[in-house]
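Visitor: I have a structure I would like to understand better, so I am pasting it below and will then ask my questions one at a time.
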Amino acid sequence: MPGVGRGAGAVLDRTLTELSYSSNTANALIHLYRAEVGKMTAYRQRLDTTTNWAVVTTAGLASFALGNPSNSHVTFLFAMFLNYYFLRLEARRFRTFEIAHHRVRIMERFFYPAMLGDAVDPGWHQLLLAELGKPRSPMSRADALGWRLNRNYLWIYAAVLFAWFAKLDLTQPKGWVLEFPEALSLADIGNFPGWLVFLAVLVFYLYLIVLAVRAARTYPLEEG
């Protein structure tokens, strides 16, 4: 990774600060910066849209399932599946967002400090050229899923889980006492035993927790 500027007041090496940008080169980089910021703004809106879909869909399904005792608890299992679809869609958009974000951070970290007289490594051009020649997200699919889970979807999934438990409890008469393993039969779905449904939900939520915990906490350009 090319080095960063030395900071205000440093003794500057003029061979590193006066990088002989022509007017055309500087204008091209400025327009590229504006285009990438615009792309980030557009994808930021798309990310918010996906999250709104998840929230509205979850609220609608929860209202339907809890509004009538005869409505099946399977509605909440469907909500879990549907939110996972939204999560994967949002993670894919997030990775595309981060491609533009990565380019913007390169220019903010090297181009503008150089224009303002700070000392930077002139090899940063190769870093930007590599990103333009072969666009790639600075994070993996698993990290993207984990980041979006940490930001939004863990709360949504927690609400779905608690609402599912509430639905199972509301199907029982007042005074019902929770006893195991008989209580597992509350989650029966046709010929599928309740214990199998509980196990599937448990494995799914453990998978989500692992994704959230293992997600990278540091943005790649901020390392070092």
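Visitor: Looking only at the range 170-192, filter to residues that are open to solvent by 90 Å² or more (accessible area, probe 1.4 Å), at pLDDT below 80 and of a type in the set (A, V, I, L, M, F, W, C); which one of those is farthest from Met80 (Cα to Cα)?
Guide: Here the residue is Val177.
Visitor: Would you check which residues across the range 102-112 are of a type outside the set (A, V, I, L, M) and open to solvent by less than 30 Å² (accessible area, probe 1.4 Å) and list them?
Guide: At the first step, the residues of the range 102-112 found to be of a type outside the set (A, V, I, L, M) are 102-103, 105, 108-112.
The answer is His102, Arg103, Phe110, Phe111.
Visitor: Follow-up question, since we're still on this one. Looking for whichever is over 24 Å from Ala144 (Cβ atoms), in a helix (DSSP H, G or I), open to solvent by 30 Å² or more (accessible area, probe 1.4 Å) and among the aromatic types (Phe, Trp, Tyr) here; the options are Phe81, Phe76, Phe64. Which one fits?
Guide: Values: Phe81 fails: over 24 Å from Ala144 (Cβ atoms); Phe76 fails: open to solvent by 30 Å² or more (accessible area, probe 1.4 Å).
So the residue among Phe81, Phe76, Phe64 that is over 24 Å from Ala144 (Cβ atoms), in a helix (DSSP H, G or I), open to solvent by 30 Å² or more (accessible area, probe 1.4 Å) and among the aromatic types (Phe, Trp, Tyr) is Phe64.
Visitor: Here is a follow-up. Taking into account only those residues within the range 193-224 that are at pLDDT 90 or above and of a type in the set (Ser, Thr, Tyr), which is least open to solvent (accessible area, probe 1.4 Å)?
Guide: Result: Tyr205.
Visitor: One residue is enough: does the range 153-169 have a residue meeting the conditions modelled with pLDDT under 85 and open to solvent by less than 20 Å² (accessible area, probe 1.4 Å)?
Guide: no
Visitor: Given Leu82, Leu66, which one is without any contact (Cβ under 8 Å) to a residue 40 or more places away in the chain and not charged (D, E, K, R)?
Guide: After applying the criteria, what remains is Leu82.
Conditions tested, residue by residue: (1) open to solvent by 60 Å² or more (accessible area, probe 1.4 Å); (2) at pLDDT below 85; (3) on the phi < 0 side of the Ramachandran plot; (4) not in a helix (DSSP H, G or I).
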| site | (1), (2), (3), (4) |
| --- | --- |
| Leu87 | no, no, yes, no |
| Glu90 | no, no, yes, no |
| Phe94 | no, no, yes, no |
| Glu98 | no, no, yes, no |
| Ala114 | no, yes, yes, no |
| Asp118 | no, yes, yes, yes |
| Leu129 | yes, no, yes, no |
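Visitor: Being open to solvent by less than 60 Å² (accessible area, probe 1.4 Å) and either of a type in the set (D, E, K, R) or without any contact (Cβ under 8 Å) to a residue 40 or more places away in the chain (or both) is the filter here, so list the residues in the range 141-152 that pass it.
Guide: Asp143, Arg148
Visitor: For the subset of the range 24-51 comprising residues that are free of Cβ contacts under 8 Å to residues at least 40 places away in the same chain and open to solvent by 90 Å² or more (accessible area, probe 1.4 Å), which member is nearest to Tyr85 (Cα to Cα)?
Guide: Here is the first cut: in the range 24-51, the ones free of Cβ contacts under 8 Å to residues at least 40 places away in the same chain are 24-25, 27-28, 30-31, 34-35, 38, 41-42, 45, 48-49.
Of the ones still in play, those that are also open to solvent by 90 Å² or more (accessible area, probe 1.4 Å) are 24, 31, 34, 45.
Values: Asn24: 45, His31: 35, Arg34: 32, Gln45: 18 Å.
Out of the qualifying residues, it is Gln45.
The values are calculated or read from the model by the stated rules, or taken from the named source; none is laboratory data. Since we're looking at a predicted model, the values are computed, not measured. When we count neighbours, we look across all protein chains shown, and the Cβ atoms used for this are built from the backbone with ideal geometry, even at glycine. Just so you know, the surface numbers come from the protein's heavy atoms only, side chains and all, with ligands and any DNA or RNA stripped out. Shrake-Rupley method; radii C 1.70, N 1.55, O 1.52, S 1.80 Å.
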